[in-house]
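Participant: Following this message is one structure expressed as C-alpha cells.
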Amino acid sequence: MIDGQTQDVDLEAYLTVLGHVGFTAYTGLVHIGEVRPDDIVYVSGAAGGVGSCVVQFGKARGATVIGVAGSSDKVALLTDVLGADRAVNRHDGPAVDLLRDAAPEGIDLYYDNVGGEQLEAALEVLRFGGRAVICGAVAAGSGGPANYRRMIYQELTMRGLTVTAHEDLRAQFESEVGRWVREGAVRSLHTVFDGIDRVPEAFASLLAGGSSGRVIVAING
C-alpha cells in the first residue's frame, strides 16, 4: 500500500529504497549494526540492490561510508551518484590491502552482502569493539572466515540478519526513509529489463554482477 506521505514518490522506489531491499538494508544497518554518525562503515556488494541502499542510508545517518564493487563504472557510481566517501574495485588487488588503503584508520561497522575474502578483510580492519552485519554470502566457496579468532581479542561482534523477523520496524523504516526520499537524500537505483522474455537475461545479469541496484523486469499490459 502506498501511503499519503509518499504517494508522490516514483513507483520504482517501492521496489528499491522503500521496498524489501531497502527494508533489509535499513534493518541491518540501523537495528542490527546500530550505525552511529561517527562510524566508518564498509559495505560489500555496494552497487547491488541492498548494498546501494546501505551506502545511502549510512550517509543519511551521518556516517563515513566506503563501498566495494566489481567495476570502475560501479566505483564511480558509488562516489559520484550515491555519495560514498570512498569506493574500491575488488578486482584491483587483495581485498584486505584495498580495504586498508581505503580505511587506514580502520572501520567500525561492516555490512556484508557477499562473505568470502571481503568478510576476512573486514575482520582484519575492524577496530576494537567493531561490528559486522551478515546479510548475504554469495561469494564462491564462502565459508567461515579463517581469521575469526581476531573477534576474540578485538572484542568484535558478528550478527546475522533475517529481515522477516523485524516487521515491527516497518513503520519506522517507512517514515525515516520516506523522508529521505522526499528530501532527495536517497534515490532509487535499479536496472530495468523490458518484457517477460528477458527474465533469464535479467537473472543472469544479477548473478554475474552486470547490473546496478535492484533488477526489475517490467511487464506491460
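The values are calculated or read from the model by the stated rules, or taken from the named source; none is laboratory data. Since the structure is predicted, the reported quantities are computational estimates derived from the model, not experimental observations. Note that we place each Cβ from the backbone using ideal geometry, even for glycine, and neighbour counts take in every protein chain shown. The accessibility values were calculated without ligands, DNA or RNA, using every heavy atom of the protein model including side chains. Shrake-Rupley method; radii C 1.70, N 1.55, O 1.52, S 1.80 Å.
Participant: Which of the peptides 87-94, 178-185 is most tightly packed, and how do the rest follow, going by the mean number of other Cβ atoms within 10 Å of each residue?
Facilitator: Descending packing order for the listed peptides: 87-94, 178-185.
Participant: Here is a follow-up. Shape of the range 135-188 from its Cα gyration tensor (a ≥ b ≥ c, root eigenvalues): rounded if a/c is under 1.5, otherwise prolate when a/b > b/c, or oblate?
Facilitator: prolate
Participant: Turning to a different aspect of this structure: Decide, for the range 60-135, between rounded, prolate and oblate: order the square roots of the alpha carbon gyration tensor eigenvalues as a ≥ b ≥ c, take rounded if a/c falls under 1.5, and otherwise choose prolate if a/b is larger than b/c, else oblate.
Facilitator: It comes out oblate by the Cα gyration axes.
Participant: Sort 66-75, 122-131 by the packing proxy (mean of other Cβ within 10 Å over each peptide's residues), most packed first.
Facilitator: Result, highest mean first: 66-75, 122-131.
Participant: For residue 73 and residue 155, calculate 0.36 nm times their separation in residues minus their Cα-Cα distance, and state this gained length in nm to one decimal.
Facilitator: Stretched fully, the residue 73-residue 155 segment lengthens by 25.9 nm.
Participant: What percentage of the solvent-accessible surface of the range 50-141, computed with a 1.4 Å probe over protein heavy atoms, is contributed by carbon and sulfur atoms?
Facilitator: That share works out to 49 percent.
Participant: Return the long-range amide H neighbours of residue 88 (sequence gap of 5 or more, or a different chain), with a cut-off of under 5 Å between placed amide H atoms.
Facilitator: 67, 68, 69
Participant: Label the range 12-111 by shape, choosing from rounded, prolate and oblate, from the square roots a ≥ b ≥ c of the eigenvalues of the Cα gyration tensor; if a/c is under 1.5 it is rounded, and otherwise prolate applies when a/b is larger than b/c, oblate when it is not.
Facilitator: Taking the square roots of the gyration eigenvalues as a ≥ b ≥ c, the range 12-111 is oblate.
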